[in-house]
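These notes are about the structure you will find just below.
The values are calculated or read from the model by the stated rules, or taken from the named source; none is laboratory data. Note that the coordinates shown come from a computational prediction; the quantities given were computed from them, not determined experimentally. Here the Cβ positions follow ideal geometry from the backbone for every residue, glycine too, while neighbour counts run over all protein chains shown. For accessibility, only protein heavy atoms count, side chains too; no ligands or nucleic acids. Shrake-Rupley method; radii C 1.70, N 1.55, O 1.52, S 1.80 Å.
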Amino acid sequence: ASSPAQRADELRQLIEHANYRYHVLDDPEIPDADYDKLMRELEALEASHPDLITPDSPTRRVGARAAGGFAEVRHALPMLSLSNAFELEGDNDRERYREIADFERRIEQTLGRSNPVFSVEPKLDGLAISLRYEKGVFVQGATRGDGETGEDVTNNLRTVRAVPLRLRGDDWPRVLEVRGEIIMLRRDFEAFNAYAREHDEKPLANPRNGAAGSLRQLDPAITAKRKLSFFAYAVGAVEGGELPSTHSKTLQKLREWGFPVSPEVGVAKGFDGLIEYYKRIGAKRDKLPYDIDGVVYKLDDYAGQREMGFVARAPRWAIAHKFPAQEQSTI
Ligand SMILES: Cc1c[n+]2nc(N)[nH]c2nc1OC(C)C
């Protein structure tokens, strides 16, 4: 038999591996009931041996209440906004998606390339947040706020199982900020509203409100009851380490380190590749497990991004291509 300390370590590894399989690979090996059993065993073990408790233990996801509101956090690197492109009247794709054609052509002309490679991603309709890791441990999480400063919602973010408390592997930078979207999956939104109607509680208008409202709770124990998810889409400040030379390769590293990244992300070449992606994602939009309000195109290589720079706070190297507004599902 192993010692309590060895058993505690073994349980943490098993639980973290199960989280990775469930949230990052979307391919769980064990049923939820077995996962809960592992958690209960670790909680009991830590209760009888408090010296075994570590701050990044999976049982330490529900922290203290933020009495007096959330502290303010200045983002080490501003959280950017995206300029938007909408569909226009026209007889062909070049006319209908004229703003995308202009976006892509500006990049071709500035960089002297033809058919540049873009990272293409669904634009999740949730709440943008920034997660800070030091030596691989989650130390702070903040909302976007005005892009320069946001609210410190670290304790609420700790309750989101899709947010890793400790990074996998060991080739991550000493300081790593990851940006992404906190969302409520449709199935969790519907379950929440079914429960609310059963218990005469106020139903949520849409999943985005669910995510925003849950993260704004001052008591993390309430946030913990709301099933939230997270998908990473960018990196912020990086210190003491190297990133790959392209955004698409960085997204793959984020998965290896334990961050969920939407399986719909990919790469596309030139205007035709972008529009093909836009149409493909548009066709499957209602089958995705989460709400999206468009897709995002980003020049894939970081050298090209640096050369393109920004206009105000929106990068010249990225654009959001929005779908026509959907009639909101009535509750
Ligand atoms: C605001 C935003 C939102 N999204 N959503 C995705 N998928 N990528 C992405 N990138 C963003 O900003 C980049 C400029 C990092």
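Values as computed for the structure displayed
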item	result
Dipole moment magnitude, nearest 20 debye, the range 107-235 about Cα centre, only Lys, Arg, Asp, Glu C-beta charged	300
Under 10 Å, Cβ to Cβ, from Leu288 - net charge with Lys/Arg +1 and Asp/Glu -1	+1
The chain, helix-only ellipticity at 222 nm - DSSP H runs n ≥ 4, -39,500 (n - 2.57), divided by all residues, nearest 500	-10500 deg cm²/dmol
Whole-number percent relative contact order across the chain, with pairs defined as alpha carbons under 8 Å at least 6 apart	24
Inter-part distance where the range 85-109 and the range 235-274 are each reduced to a Cα centre, Å	25
Given charges at beta-carbon only (K, R positive; D, E negative), |dipole| of the range 204-331 in Debye	280
In the range 224-331, the GluC sites (Glu not before Pro) that fall in loop regions by DSSP, at most 12 other Cβ within 10 Å	Glu242, Glu327
Share of Cα-Cα pairs in the range 1-147 lying beyond 26 Å, as whole percent	56
Protection-proxy order for peptides 175-187, 143-155, 56-68, each taking the mean of Cβ atoms within 10 Å per residue, highest first	175-187, 143-155, 56-68
Low-density loop cleavage sites - GluC sites (Glu not before Pro) in the range 82-136, where at most 11 other Cβ are within 10 Å (DSSP)	Glu89
Per-q log10 I(q)/I(0), the range 221-317, q = 0.13, 0.22 Å⁻¹ (Debye; single scatterer per alpha-carbon; no solvent)	-0.60, -1.34
Neighbourhood charge, 13 Å Cβ-Cβ cut-off, centred on Ala237 and excluding it, Lys, Arg +1 and Asp, Glu -1	+1
Solvent exposure ordering (accessible area, 1.4 Å, most first) of Thr54, Thr250	Thr54, Thr250
Lys, Arg +1 and Asp, Glu -1 on Cβ, resulting dipole of the range 1-138 about Cα centre, debye, nearest 20	580
Across Lys37/Lys225; Lys37/Lys287; Lys227/Lys287; Lys202/Lys322, pairs whose alpha-carbon gap is larger than 26 Å	Lys37/Lys287; Lys202/Lys322
Within-9-Å neighbourhood charge of His321 [Cβ basis; K, R +1; D, E -1]	0
Euclidean distance between Cα centres, the range 169-206 to the range 209-226, Å	9
Per residue convex hull volume, Cα atoms of the chain, in Å³	153
